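The values are calculated or read from the model by the stated rules, or taken from the named source; none is laboratory data. All of these numbers come straight from a predicted model, not from anything done at the bench. Because the Cβ atoms are built from the backbone with ideal geometry, glycine has one as well, and the counts that use them run over all protein chains shown. Just so you know, the surface numbers come from the protein's heavy atoms only, side chains and all, with ligands and any DNA or RNA stripped out. Shrake-Rupley method; radii C 1.70, N 1.55, O 1.52, S 1.80 Å.
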Amino acid sequence: MNNETYLGDGLYASICEWDDMQIKLRAPREESDHEVYLGPHELRELHRFVERNFKLKIIIEKQKEQ
């Protein structure tokens with residue numbers, strides 16, 4: 001399951017192949033890719049960072065199964 005989504009500015013996101021509770025962020029470079037993995041804790045902190053610094057209210061809720 002490596003369906004990457006292009007986020008812009010050379011950044012791609014996908015679900016981590018060995019841990020589906022993490023998001024993999026990848027920035028391709030000539031020498032090698034730069035990768036960062038965000039788990040639940042890091043996502044929560046990123047959410048707080050965005051709300052605090054951009055004065056946005058982000059609501060996260062699970063989608064209903066179809």
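With the chain treated as a Gaussian network of Cα nodes joined by springs under 10 Å, which of ARG52, ARG26, ARG44 yields the largest mean-square fluctuation? Of ARG52, ARG26, ARG44, the Gaussian network model singles out ARG52 as fluctuating most. Between the residues LEU25, SER14, GLN63, the greatest Cα displacement towards the positive end of the dipole of the chain, with unit charges on the Cβ of Lys, Arg, Asp and Glu, is found for GLN63. Rounded to whole numbers, the Karplus 3J(HN,Hα) couplings from phi for the stretch 30-39 are 4, 7, 5, 6, 9, 10, 9, 10, 10, x Hz, using 6.51 cos²θ - 1.76 cosθ + 1.60 with θ = phi - 60°, and x at Gly and Pro.
Using only side-chain charges placed at the Cβ, +1 for Lys and Arg and -1 for Asp and Glu, the dipole size of the chain relative to its Cα centre rounds to 560 debye.
Only protein heavy atoms count here; on that basis, with a 1.4 Å probe, ILE23 has an accessible area of about 50 Å². With R₀ fixed at 35 Å, the C-beta to C-beta distance from ASP20 to LYS55 puts the FRET efficiency at about 0.65. Straight-line reach from LYS62: taking Cα to Cα under 18 Å and skipping same-chain neighbours fewer than 8 places apart, the aspartates and glutamates in range are ASP20.
You can think of it this way: the chain between GLN66 and GLU45 has 4.6 nm of extra reach, that is 0.36 nm per residue less the Cα-Cα gap. Across the chain, Cα pairs under 8 Å and at least six residues apart give a relative contact order of 17 percent.
Here are several values of P(r) over Cα pairs in 5 Å bins from 0, in percent: (i) 3, 14, 19, 23, 17, 11, 7, 4, 2, 1, 0; (ii) 4, 15, 17, 22, 24, 11, 5, 2, 0; (iii) 4, 20, 34, 28, 12, 2. Which one was derived from the coordinates shown? Identified label for the calculated read-out: (ii).
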